[in-house]
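Q: Take this structure first; my questions come after.
The values are calculated or read from the model by the stated rules, or taken from the named source; none is laboratory data. Predicted, not measured: the structure shown is a model, and the values here were computed from it. Here Cβ is always computed from backbone atoms with ideal geometry, including for glycine, and neighbour counts include all displayed protein chains. Quick note on the areas: whole protein, heavy atoms, side chains included, nothing else; ligands and nucleic acids left out. Shrake-Rupley method; radii C 1.70, N 1.55, O 1.52, S 1.80 Å.
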Amino acid sequence: MKIIDMRSDTITLPTEKMRRAMYEAELGDDVYGEDPTVNELEQLAASMLKKEAALFTSSGTMSNLLVVLTHTHPGDEVILGSEAHIFWYEVGGAATLGGVVMRTVANDEYGQMDLDAVEGAIRPKNIHYPQTSLLCLENTHNRCGGAVLTPDYTSTISDLAHAHDLRVHLDGARIFNAAVALDILASELAKPVDSVCLCLSKGLSAPVGSLLCGTGEFVERARKWRKMVGGGMRQAGVIAAAGIVALRDMVSRLAEDHANAKRLAYGLSHIPGITVWPERTQTNIVMFESPTDVLVSEFIRQLDMRGIKVGYRGGLRFRAVTHRMVTEADIDEVLERISQLVRELS
Ligand code: TLP
């Protein structure tokens, strides 16, 4: 039986072209700034997002941590969505290592925060209050089912934050999914924000890495923080080489993942008992709920036995992520296996 793994797009393996590029990469010591392949990757990312500079980091988590360390001071307050990845899945690093208070504002199902609620959360000047210094956005929005923030929303909320003297960071781990879904350049989504990170190791299929982009001055300060947290890598061109292939060759194919996600969501909507929101499936993430009359633990066990790997999100909720290693035929197979499972269990 073929195991179909949709736990995450992070499971994608590097392509043949990436492996060749890694083997052939020209290398140097990146802590001295002398790895030509890392330098090329950083320049490429900066130019694609139309920012002055970029920094190669080991992960999205590290990029987001460096953002907090660079944009804030200990004791500051950061506003972010109640469903933000930084808040849920980054081990509280912003609080532990950055010493900041994380103030959440509710995310709606489209990954947005209400503008008035954000404005209301910004602290006025008062000796009792921490200083609000940073607003974090996320595009696409992971826990909101891969929802896409538009350039309009991004610039309106960024203008609001800037008017109150906050910096704005965009966690763009899947920014190219958003750009492809909207059929625009990623730089349009990054334009209003002060810093943005992107991930190479998700739908783009590179083995490792993220790029943190912003002004030259911001990136140089982040580089120093990266060194402090142990992220100064030496011949990192070995992995950067795959990242260059990822940025050059792998962006446009994300549309296939989006089509497969829609196929999955619409297919699931025809299975009695499964709750899913196909019209909200904009990119490569599908959230769905198991039937209420089936024990969740049994549903999970049965998925596993039938070779379907998806993420469990608590309650009745599951996450399936489409990616390069899941084909259209795999989606049909998953739908077939799930409808059979539901028929047998209900
Ligand atoms: N997300 C992973 C898990 O951590 C949940 C996934 O499988 O989706 N920002 C966003 C929006 C992300 O989705 C992720 C990874 C990160 C940051 C962190 O990236 P890494 O895994 O490179 O540290």
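Q: Can you tell me which residues in the stretch 200-225 are in contact with a Leu (Cβ under 6 Å, 6 or more places away or on another chain) and not basic (Lys, Arg)?
A: Within the stretch 200-225, Gly203, Ala206, Gly209, Leu211, Leu212, Cys213, Val219, Ala222, Trp225 qualify.
Q: Considering only residues that are hydroxyl-bearing (Ser, Thr, Tyr) and open to solvent by 70 Å² or more (accessible area, probe 1.4 Å), which ones fall in the stretch 320-346?
A: The one that is hydroxyl-bearing (Ser, Thr, Tyr) and open to solvent by 70 Å² or more (accessible area, probe 1.4 Å): Ser346.
Q: Could I ask something else about it? Hey, can you tell me all the residues within the stretch 168-185 that are assigned to a loop (DSSP other than H, G, I, E, B) and within 15 Å of the ligand (Cβ to nearest atom)?
A: Applying the first criterion (assigned to a loop (DSSP other than H, G, I, E, B)) to the stretch 168-185 yields 173-174, 183-185.
Answer for the stretch 168-185, where residues must be assigned to a loop (DSSP other than H, G, I, E, B) and within 15 Å of the ligand (Cβ to nearest atom): Ala173, Arg174.
Q: Something else now. Any chance the stretch 13-30 includes a residue that's in a helix (DSSP H, G or I) and touching a Lys or Arg at 6+ places or on another chain (Cβ under 9 Å)? Talk me through it step by step, then tell me what you get.
A: Just the residues of the stretch 13-30 that are in a helix (DSSP H, G or I), to begin with: 16-24, 30.
Checking which are touching a Lys or Arg at 6+ places or on another chain (Cβ under 9 Å) leaves us with 30.
Within the stretch 13-30, one or more residues are in a helix (DSSP H, G or I) and touching a Lys or Arg at 6+ places or on another chain (Cβ under 9 Å).
Q: Considering the stretch 31-44 alone, what residues qualify as being touching a residue at least 24 places away in the same chain (Cβ under 8 Å), away from the ligand (no atom under 16 Å from the Cβ) and part of a helix (DSSP H, G or I)? Even if it seems obvious, please write down each step before you answer.
A: We begin by selecting, within the stretch 31-44, every residue touching a residue at least 24 places away in the same chain (Cβ under 8 Å); these are 31, 35-38, 40-42, 44.
Filter again for away from the ligand (no atom under 16 Å from the Cβ), leaving 31, 35-38, 40, 42, 44.
Matches in the stretch 31-44: Val31, Pro36, Thr37, Val38, Glu40, Glu42, Leu44.
Q: Name the one entry in Ile285, Ile300, Ile274 that is in contact with a strand residue (DSSP E or B) (Cβ under 9 Å, 6 or more places away or on another chain), touching a residue at least 60 places away in the same chain (Cβ under 8 Å) and away from the ligand (no atom under 16 Å from the Cβ).
A: On inspection, the qualifying residue turns out to be Ile274.
Q: For the stretch 186-228, how many residues are closer than 27 Å to Tyr153 by Cβ, in a loop (DSSP other than H, G, I, E, B), open to solvent by less than 10 Å² (accessible area, probe 1.4 Å) and within 14 Å of the ligand (Cβ to nearest atom)?
A: 3
Q: Take Leu65 and decide whether it is within 16 Å of the ligand (Cβ to nearest atom), farther than 30 Å from Thr327 by Cβ and either open to solvent by 10 Å² or more (accessible area, probe 1.4 Å) or among the aliphatic types (A, V, I, L, M) (or both).
A: It is true that Leu65 is within 16 Å of the ligand (Cβ to nearest atom), farther than 30 Å from Thr327 by Cβ and either open to solvent by 10 Å² or more (accessible area, probe 1.4 Å) or among the aliphatic types (A, V, I, L, M) (or both).
Q: Shifting gears a bit: State all residues of the stretch 279-308 that are closer than 30 Å to Asp183 by Cα and either in contact with a Lys or Arg (Cβ under 7 Å, 6 or more places away or on another chain) or crowded, with 20+ Cβ neighbours inside 10 Å (or both); if no residue qualifies, say none.
A: Hits for the stretch 279-308 are Thr281, Gln282, Thr283, Asn284, Ile285, Val286, Met287, Phe288, Glu289.
Q: Please enumerate the residues belonging to the stretch 236-270 that are in a loop (DSSP other than H, G, I, E, B) and open to solvent by less than 10 Å² (accessible area, probe 1.4 Å).
A: Of everything in the stretch 236-270, just one residue is in a loop (DSSP other than H, G, I, E, B) and open to solvent by less than 10 Å² (accessible area, probe 1.4 Å), namely Ala236.
Q: If a residue counts only when it is free of Cβ contacts under 8 Å to residues at least 12 places away in the same chain, which helices (runs of 4 or more DSSP H) contained entirely in the stretch 67-166 have at least 2 such residues?
A: Result: 93-98, 115-121, 151-163.
Q: Would you confirm whether any residue within the stretch 46-54 is touching a residue at least 40 places away in the same chain (Cβ under 8 Å) and assigned to a strand (DSSP E or B)? Show your work before the answer.
A: First, pick out the residues of the stretch 46-54 that are touching a residue at least 40 places away in the same chain (Cβ under 8 Å): 46, 48-54.
Retained after the next criterion (residues that are assigned to a strand (DSSP E or B)): 53-54.
There is at least one residue in the stretch 46-54 that is touching a residue at least 40 places away in the same chain (Cβ under 8 Å) and assigned to a strand (DSSP E or B).
Q: For Ala117, state whether it is in contact with a helix residue (DSSP H, G or I) (Cβ under 7 Å, 6 or more places away or on another chain), in the same structural domain as Lys191 (by TED's automatic domain parsing) and open to solvent by 10 Å² or more (accessible area, probe 1.4 Å).
A: Numbers: in contact with a helix residue (DSSP H, G or I) (Cβ under 7 Å, 6 or more places away or on another chain): no; in the same structural domain as Lys191 (by TED's automatic domain parsing): yes; open to solvent by 10 Å² or more (accessible area, probe 1.4 Å): yes.
So Ala117 does not fit the description; no.
Q: Given the structure, is Thr70 away from the ligand (no atom under 16 Å from the Cβ) and open to solvent by less than 40 Å² (accessible area, probe 1.4 Å)? Show your work before the answer.
A: Working: away from the ligand (no atom under 16 Å from the Cβ): yes; open to solvent by less than 40 Å² (accessible area, probe 1.4 Å): yes.
So Thr70 fits the description; yes.
Q: Take the conditions open to solvent by 10 Å² or more (accessible area, probe 1.4 Å) and within 16 Å of the ligand (Cβ to nearest atom) and apply them to Val91. Does it pass?
A: Yes, satisfied.
Q: Please state which one of Ser47, Ser58 is within 16 Å of the ligand (Cβ to nearest atom) and either within 30 Å of Pro151 (Cα to Cα) or buried (at least 18 other Cβ atoms within 10 Å of the Cβ) (or both). Reasoning before the result, please.
A: On the way: Ser47 fails: within 16 Å of the ligand (Cβ to nearest atom).
Sole residue among the options that is within 16 Å of the ligand (Cβ to nearest atom) and either within 30 Å of Pro151 (Cα to Cα) or buried (at least 18 other Cβ atoms within 10 Å of the Cβ) (or both): Ser58.
Q: Right, next: Which of the residues spanning the stretch 31-44 are surrounded by fewer than 22 Cβ atoms within 10 Å (Cβ to Cβ) and on the phi < 0 side of the Ramachandran plot? If you could, list the steps in order and put the result at the bottom.
A: Residues of the stretch 31-44 surrounded by fewer than 22 Cβ atoms within 10 Å (Cβ to Cβ): 31-34, 36, 39-40, 43-44.
Once the filter is applied, which keeps residues that are surrounded by fewer than 22 Cβ atoms within 10 Å (Cβ to Cβ) and on the phi < 0 side of the Ramachandran plot, the stretch 31-44 yields Val31, Tyr32, Glu34, Pro36, Asn39, Glu40, Gln43, Leu44.
Q: Given Ile4, Ile79, which one is open to solvent by less than 30 Å² (accessible area, probe 1.4 Å) and outside the structural domain of Asp194 (by TED's automatic domain parsing)?
A: None of the others qualify; the one that does is Ile4.
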